[in-house]
Amino acid sequence: MMITEGSVRIASADGVFYNPKMELNRDLLSAAVGVLGVKEFCDGHSATGIKALRAILENDCVESVDAVDLSKRACAIIESNIGLNNAKGITVINDDIRRVLMEKKYDFVEIDPFGTPAPYFASLAESFSWRKSGHFSVTATDTAVLCGAEAKACKRMYGSVPFHNEIVHESALRILIARIQSIFAEKNLAVTPILSISHRHYLKVFFAVTKSAVLCDKSLAEIKFMAYCEKCKHRKYIKPGDGSTCELCTSRMIVTGPFWSGLLQDSEFLEKMIAEIEKRQYKNMKEELKLLNTLKDENFDGFCFELHTLFKGKTIPKTIDALDRLHSMGFKAVSTSYKNWIIRTNASVKEILEE
Ligand SMILES: C[S@@+](CC[C@H](N)C(=O)[O-])C[C@H]1O[C@@H](n2cnc3c(N)ncnc32)[C@H](O)[C@@H]1O
Ligand SMILES: [Zn+2]
């Protein structure tokens, strides 16, 4: 079957993965490659080669691309899709991306496996340890693990005790980020999320890497645990060893984590992405701009609260009314990219519920 996406045309084939629902993910990746001025791009799990082709054909800055896939069949399809687009500058590598990363370094590495990206973090860190800076992005589709439906697997793969409640979209992102930061820190590599998305069935996070022990220490200081009161829904970030009794209702709080507690987005990068997406006019532009603008608005320190859970047994306010009330009280408050009725605010549970 022939597929047109962005500026490329590819043929899909039986046994080689292509998911049309991930087009938005691929649009954002290609725009990010342009915004970041990437020269050497590595498509680590290439399948049909679509991301490799889009990176080089949609971005003048890209000089060379390695399209890596473990499957022989996928590599044959990538070669034929390169021919179909008459693309120059792409090298197809039929190997395990981990082996490739142990030997090569790139400006940007894209990691998009089936399920968990966890097995790739160590080799990613190894590859970046030879550079002063760079970027990479990771797609995770193992949301059952990160969102706490499979808590034991989360402990094994991400070293974190997850939430399995109404705020998992956010906590899943924060577990993934903290894990990557910890692994990169071994090599004095500081890793900052510049765009974090929890969309449909997947998480996607873009990271900036900088070699600096000082910056590493700074970001590691933002990896914290969370204490959550199941009774009154109060929550707070805590450090290991801190007490966990609820200040509001004196109940015992459950402790989860570790999580990244810093900002999930880089506002300046988001501004540039918005301008780039407006320029590119992809078919999903409306949805992409809505998502990026919402992420920009919600990029401040605050917790996420789901209104239905918080107001259980009371009259649940409309999101817009809850936000207006918080604004009039002087708090920051927005509805999030996760769900319209999940809000982010710097107000506490008590202040949100105040009559
Ligand atoms: C989810 S698909 C990638 C989809 C593709 N990035 C896209 O946007 O259409 C995962 C691909 O990774 C390949 N793969 C699995 N393990 C791998 C490994 N260790 N190294 C390289 N490729 C691998 C699979 O053969 C498969 O083609
Ligand atoms: Zn409480």
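The rows are residues; the columns are (1) farther than 30 Å from Arg179 by Cβ; (2) within 16 Å of ligand 1 (Cβ to nearest atom); (3) of a type outside the set (Asp, Glu); (4) in a helix (DSSP H, G or I).
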residue: Val255; (1), (2), (3), (4): no, no, yes, no
residue: Pro258; (1), (2), (3), (4): no, no, yes, no
residue: Glu268; (1), (2), (3), (4): no, no, no, yes
residue: Lys312; (1), (2), (3), (4): yes, no, yes, no
residue: Ile343; (1), (2), (3), (4): no, no, yes, no
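In the set Arg26, Arg9, only one residue is closer than 30 Å to Glu287 by Cβ, more than 9 Å from ligand 1 (Cβ to nearest atom) and not polar (S, T, N, Q); that residue is Arg9. Does segment 159-177 contain any residue that is over 23 Å from Leu220 (Cβ atoms), touching a Gly at 6+ places or on another chain (Cβ under 8 Å) and either outside the structural domain of Thr48 (by TED's automatic domain parsing) or assigned to a loop (DSSP other than H, G, I, E, B) (or both)? Checked against the condition, which is being over 23 Å from Leu220 (Cβ atoms), touching a Gly at 6+ places or on another chain (Cβ under 8 Å) and either outside the structural domain of Thr48 (by TED's automatic domain parsing) or assigned to a loop (DSSP other than H, G, I, E, B) (or both), segment 159-177 yields at least one hit. Filtered by the rule that a residue be farther than 21 Å from Asn59 by Cα, surrounded by fewer than 15 Cβ atoms within 10 Å (Cβ to Cβ) and out of contact with any helix residue (DSSP H, G or I) (no Cβ under 7 Å at 6 or more places or on another chain), segment 1-18 gives Met1, Met2, Asp14.
When Cys75 is tested against (1) within 12 Å of ligand 1 (Cβ to nearest atom); (2) under 19 Å from Ala32 (Cβ atoms), only condition (2) is not met.
At least 3 residues that are under 21 Å from Glu288 (Cα atoms) in each: list the strands (runs of 3 or more DSSP E) lying fully within segment 2-63 that qualify.
Numbers: elements: 2-5, 8-11, 40-43.
Passing ranges, in order: 2-5.
For segment 235-272, which residues satisfy the criterion of being under 14 Å from Cys304 (Cβ atoms) and within 14 Å of ligand 2 (Cβ to nearest atom)? Selection gives Arg235, Lys236. Taking segment 187-224 as the range and being among the hydroxyl-bearing types (Ser, Thr, Tyr) and over 15 Å from Ile111 (Cα atoms) as the test, the residues that pass are Thr192, Ser198, Thr210, Ser212, Ser219.
Just wondering, is there one or more residues in segment 234-250 that are touching a Cys at 6+ places or on another chain (Cβ under 7 Å), without any contact (Cβ under 8 Å) to a residue 60 or more places away in the chain and either more than 16 Å from ligand 1 (Cβ to nearest atom) or not aliphatic (A, V, I, L, M) (or both)? Yes, segment 234-250 has at least one match. When every residue of segment 91-100 is checked against the conditions, none turns out to be more than 10 Å from ligand 1 (Cβ to nearest atom) and either under 22 Å from the mean Cα position of the chain (by Cα) or not β-branched (Val, Ile, Thr) (or both).
Scanning segment 103-116 for residues that are within 12 Å of ligand 1 (Cβ to nearest atom), surrounded by fewer than 24 Cβ atoms within 10 Å (Cβ to Cβ) and at pLDDT 95 or above returns Ile111, Pro113, Phe114, Thr116. Considering only residues that are closer than 30 Å to Glu287 by Cα and touching a strand residue (DSSP E or B) at 6+ places or on another chain (Cβ under 8 Å), look in segment 199-234 and name the one that is farthest from ligand 2 (Cβ to nearest atom). Here the residue is Val209.
In the set (1) crowded, with 21+ Cβ neighbours inside 10 Å; (2) closer than 19 Å to Gly134 by Cβ; (3) free of Cβ contacts under 8 Å to residues at least 60 places away in the same chain; (4) not aliphatic (A, V, I, L, M), the condition left unmet by Thr48 is number (2).
The values are calculated or read from the model by the stated rules, or taken from the named source; none is laboratory data. None of these values were measured; they are calculated from a predicted model. Reconstructed Cβ throughout: ideal geometry from the backbone, glycine too, with neighbour counts over all protein chains shown.
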